[in-house]
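What follows is calculated from the coordinates using simple rules that are stated; it is not laboratory data. Note that the structure is a prediction, hence the values are computed from the model and not measured. Heads up, the Cβs are rebuilt from the backbone with ideal geometry, glycines too, and the neighbour counts pull from every protein chain shown.
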Amino acid sequence: MSRTLDAALKPVSPRPLRQALALACAAALSAACAGQGWGPGGPSGSRIQSEATPGVYAFEAPVPSSSGQILLEGTFEVTPDTVILLLERAECRPGLGSSTGFAYNCQGAGYPNVSRMSFGFERAQPLRQPHASVTVSVPSTREFCHRWLETERGRSCMSWGNETTYRTERQSVRLKVTRQETAKEAISP
């Protein structure tokens, strides 16, 4: 009997206890999320329920820049629980959204002088204020002297050259949206 009592009073290593606690927490969280209907769009309580009928929408956004206007064009699809951005001229990936919106980050390889783009859509009303933020590299040319002549009267330039430098501008614009088709039309052959 005392042997059983001694075994029960032995100190327990904290590592198996932490592992068991972590496993129990993960199981509880998994069960809770399964009951809440979490998916790619977040909890089922934040599904898109608005005047935005699921479907495909085209957009354009003229981006003013000191190097000239850039026209962003593309489409996005509104589904019951997310917004999917489709751009042919840039590679886009979902960004860190929030409980109130969806975000996409894009590399602007197909647009001249554009280094980065980001797009944002409201979760509840994706057509209300869709917007883009664009980082543009603007070239600037300056003249400089690359060969000087020293005389008794001072220095004078013997040869001039041009140098191009770049500065970045960040512009935010709202997307102009037009409906293309409903989700059913997009799926049917």
Worksheet entry | GluC sites (Glu not before Pro) restricted to DSSP loop in the range 70-143 with at most 13 other C-beta within 10 Å | Glu88
Discussion item. Taking loop as defined by DSSP and a crowding limit of 13 other beta carbons within 10 Å, which trypsin sites (Lys or Arg not before Pro) in the range 122-155 fit?
Written reply: Arg128, Arg153
